[in-house]
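Please treat every number below as a calculation from the coordinates, not as lab data. Remember, predicted model here, so these are calculated numbers, not experimental data. Ideal geometry is used to build each Cβ from the backbone, glycine not excepted, and the neighbour counts take in all protein chains shown.
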Amino acid sequence: MRFGGEPYLVITAGEEVMTKTVEVNVHHVTRVEGHGNITLRASDGNIEKVEWQVPEAPRFFEAMVRGRSYEDIQTIVSRICGICSVTHSFAAIKAIEAAMDIKVSKQTDNIRMLLHYGEQLESHALHVGYLVAPDLLGQNSVIPLAKSHPDVVKTVIRLHRLGNTIMEVLGGRMTHPVTVKPGGFTVLPTEAQLLELKQMMEDSVPDITTLADVVLSLADKLPVFERETEYIALVEPKHYSFYHGDIGSTDTDEVKPVNEFESVVNEYVTPQSTAKWAKWHRDSYMVGALARYNLGADHLLPLAGKIARKFGLKKGCCNPYMNNVAQVIECAQVAEHSLQLIDEVISAGIKDEKPDVKVQAGNGAGAVEAPRGILFHRYEFDEKGICTGANLCIPTNQNHGNIQKDFEAFAPQIIDREQNEIRLLLEMLVRAYDPCISCSTHYLDVEFI
Amino acid sequence: MSKPKVAFFDFACCEGCQLQVYNLEEDILNLLELVEPVEWREAMSDKAEKYDIAFIEGSITRPGDEESLKDIRERSTMLIALGACATIGGVNKLKNNFDLAEVKQCVYSESAGMGHLETSATKSVGEVVKVDYHIHGCPIDKQEFAYIVRCLALGKTPVIPNHPVCVECKMKENICRFEYGEICLGPVTRAGCGAKCPSNGMWCFGCRGYVDNPNVNAAREVMDQYGKTIADLQGKLKLFGSKQEATDEMA
């Protein structure tokens, strides 16, 4: 595995007598978080091999948290992922609260959701604006776009900063929050701070509309590829869910409680990946914005619904590239719901609550929607609150199998195209999932006592 | 003068330090006036052979990654460790407190023997190659990053703080975390973060590593004064400071 010593991209094509071979090897796909490789080999239009590989260095978080106090868990597991650090923090805290039967107030719930929305907005703006937009505008990165499309880049920067500001005000800093604890917050925002956030949220609506219009104007650059699959996300009866709810699937009307998540993810090891893969009712399933949309689109708030109609995105869409569009719609959804949450917290009056934890032995699971899909954590603690076992199942791991199945279905459809185009379409497919491969944590077969 | 060519690489980490570069927002555009990114997998599809400045995020946890890092070092004029995983090993070094075979067994169970899941003891970047500058923190402070890039682009030597977090915490007029009955690593940890954690109701967990020559005796006195034991301290030191010389000394 050399950096730069050999090209990242090796494409060879030989027009031999009667034989046309196509070979695509992308070593470390760019503009994604973490490391993934694409391999495709075909001869005379027959695909001999098409593979999505994950060579990310494993980090063994489940092993490392053993022996640590419940108080240290969030600090450690937040480091699984820079861009989902709030989500990992909340999955851990919810699991700890379930294990120790800790109840939190409505105020804590609302401020957590608000903080969580900051991360959704920041991550979606970064993904759509910095990582995907260059593909749609025929560039290698966002850097040339700063000159060719300065207004678009500045719009994305403003939305990105708004997400970051929410995290900084409520979480203490932009990445790896410090204020979030089992039971509540170490410090609470003031009413003035919340009103300031509210004003910024209201001011962001034109930017969200602009982002949607820009993506809409480029929507014909998103490849047309459909493959029916299972979509899994948190669901609530009356809300578009990111933080609360049970596990829902497009393959069944039944929902599973979060505490039974292992029976949903069914992870397994494959030689082409250091990350584990997952399956439930089919060979693979998809999580992320499109999954949330396919399960929750009926509960979108007005602006998000309006943007969804502009795109004509139907519930039940099975084009994975449309995950990017679902992310744009979700930017509107989280902004609108944030305004409601701020009003609710302020009108109830901010109460000076401190986390109240009675340490006890227990085992609990927590689930939250990361920007890139549903995230599960489970921990077990002894009577002193020392962690004795953990099981973490991250969204991108759940998507790896689905990316592979998409490759297998899509490659034959595009194999007669130019090789550079084949490469680009496969890279774009990976990017559409907004993978976060650094979250290299894995299922384990823990014997919980 | 042509702009220095910079590159970013990441090994075992959360990529949250590169995220702080994005988090500079408009200021990135200003930095692009001073330096030219030529390779940055997370942001660009371009690549290059030689770099004036290579930023390395992440710890080294596999023999193959050591070779990759040495290769980058050979092709770089200056190499900078970016963030705690790179500067001190960070949370990744928690793994080194366990038997590695057992760690693999714990996470991958019956599949632990598969060759591609190989792992070795976590190393900081400086344990593998020469490091010219360290940008500390988990995550790094984006303003400090911008300051260091500006200094280097202009041929100046950046000043990396070498006083403890307590200094910055006192300037913020925070109540000492020990007064809350907590153990805080502020007395021995390198400042430069603006005491973000103590200012937000959390003890310092030492993500910027130790100051040079940490005042171990003073740290012991503080522990005694607040009725804390060395065992209490050891537990906290392990979080970001596992397998560092200063940790062993204090323990």
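Shape index of region A:300-449: Rg/Rh, with Rg the Cα radius of gyration and Rh the Kirkwood radius from the inverse mean 1/r over Cα pairs, equals 1.09. With contacts taken as Cα pairs under 8 Å at a separation of at least 6 residues, region A:375-443 carries a relative contact order of 36 percent.
In this rough spin-label picture, where each label sits 7 Å from Cα along the Cβ direction, the residue A:196-residue B:67 distance is 5.2 nm.
Determine the calculated [θ] at 222 nm for chain B from helices alone, applying -39500 (n - 2.57) to every DSSP H run no shorter than 4 residues and normalising by the residue count; nearest 500 deg cm²/dmol.
-9500 deg cm²/dmol
In this rough spin-label picture, where each label sits 7 Å from Cα along the Cβ direction, the residue A:283-residue B:26 distance is 5.1 nm. Return one number: the angle in degrees, 0 to 90 and rounded to the nearest 10, between the long axis of the Cα atoms of helix A:323-348 and the longest principal axis of the Cα atoms of chain A. It is inclined by approximately 10 degrees.
Cross-link partners for residue A:405 among the lysines, with Cα-Cα distance under 27 Å and sequence neighbours closer than 8 places in the same chain left out: A:20, A:49, A:221, A:256, A:276, A:279, A:314, A:315. Measuring r between the beta carbons of residue A:139 and residue B:50 and using R0 = 25 Å, the FRET efficiency lands at 0.60.
Between 0 and 90 degrees, the angle of helix A:419-432 with respect to the longest Cα principal axis of chain A falls at about 10 degrees. If you plug the beta carbon distance of residue A:216 and residue A:420 into 1/(1 + (r/R0)^6) with R0 = 25 Å, you get a FRET efficiency near 0.40. Among the listed pairs A:354/B:238; B:130/B:238; B:50/B:95; A:354/B:95; B:5/B:142, those with a Cα-Cα distance over 22 Å are A:354/B:238; B:130/B:238; B:50/B:95; A:354/B:95.
Between residue A:315 and residue A:25, the modelled labels are 4.7 nm apart [label points 7 Å from Cα along Cα→Cβ]. Mean projected area of the convex hull spanned by the Cα atoms of region A:114-164, taken over all viewing directions: 3.1 nm². Can you give the % of DSSP beta bridges in the protein assembly as shown that are antiparallel, to the nearest 5? Antiparallel bridges make up about 70 percent of those DSSP assigns within the protein assembly as shown. For region B:165-250, taking Cα atoms only, Rg and Dmax work out to 11.7, 32 Å respectively.
Counting only other chain Cβ atoms within 10 Å of each residue's Cβ, the peptide B:18-29 averages 6.
Quote the relative contact order of region B:63-166 in percent (integer), defining contacts as alpha-carbon pairs under 8 Å separated by 6+ residues.
Result for region B:63-166 is 37 percent.
Efficiency by 1/(1 + (r/R0)^6): what FRET value for residue A:147 and residue B:156, r their Cβ-Cβ distance, R0 = 25 Å, to the nearest 0.05? Before the final figure, lay out the partial values.
Numbers: r = 28 Å, r/R0 = 1.12.
With a Förster radius of 25 Å, E is 0.35.
For the peptide B:60-69, the mean number of other protein chain Cβ atoms found within 10 angstrom of a residue's Cβ is 3.
Placing +1 on the Cβ of every Lys and Arg and -1 on the Cβ of every Asp and Glu, with no other charges, gives region A:24-74 a dipole of roughly 80 debye about its Cα centre.
Size check on chain B: the Cα extents along the three principal axes, sorted descending, read 57, 51, 28 Å. Each Cα pair under 8 Å and six or more residues apart adds its separation to the average, and for region B:165-250 the resulting relative contact order is 28 percent. Subtracting the Cα-Cα distance of residue A:266 and residue A:351 from 0.36 nm times their residue separation leaves 26.4 nm of extension gain. When only the Cβ of Lys, Arg, Asp and Glu is charged (+1, +1, -1, -1), the dipole of chain A relative to its Cα centre reaches about 640 debye. The alpha carbon centroids of region B:156-213 and region A:100-115 are separated by 29 Å. Across region B:5-153, Cα-Cα pairs more than 21 Å apart make up 45 percent of the total. Taking each residue as 0.36 nm, the span from residue B:121 to residue B:217 lengthens on full extension beyond its C-alpha to C-alpha distance by 31.5 nm. All Cα-Cα distances of chain A, cut into 20 Å bins from zero to the largest, leave 26, 57, 16, 1 percent in each bin in turn. The lysines within cross-link reach of residue A:358, meaning a Cα-to-Cα straight distance under 16 Å and a gap of 8 or more places when in the same chain, are A:94, A:103, A:181, A:384.
State the Kirkwood hydrodynamic radius of region A:220-277 in Å, one decimal place, computed from all pairs of distinct Cα atoms.
Over region A:220-277, the inverse of the mean reciprocal pair distance is 13.9 Å.
Going from the fewest other Cβ atoms within 10 Å to the most, the residues B:163, A:35, A:124 appear in the order B:163, A:35, A:124. Listed from fewest to most Cβ neighbours within 10 Å, the set A:317, B:176, B:14 follows the order B:176, A:317, B:14. Between 0 and 90 degrees, the angle of helix A:106-125 with respect to the longest Cα principal axis of chain A falls at about 20 degrees.
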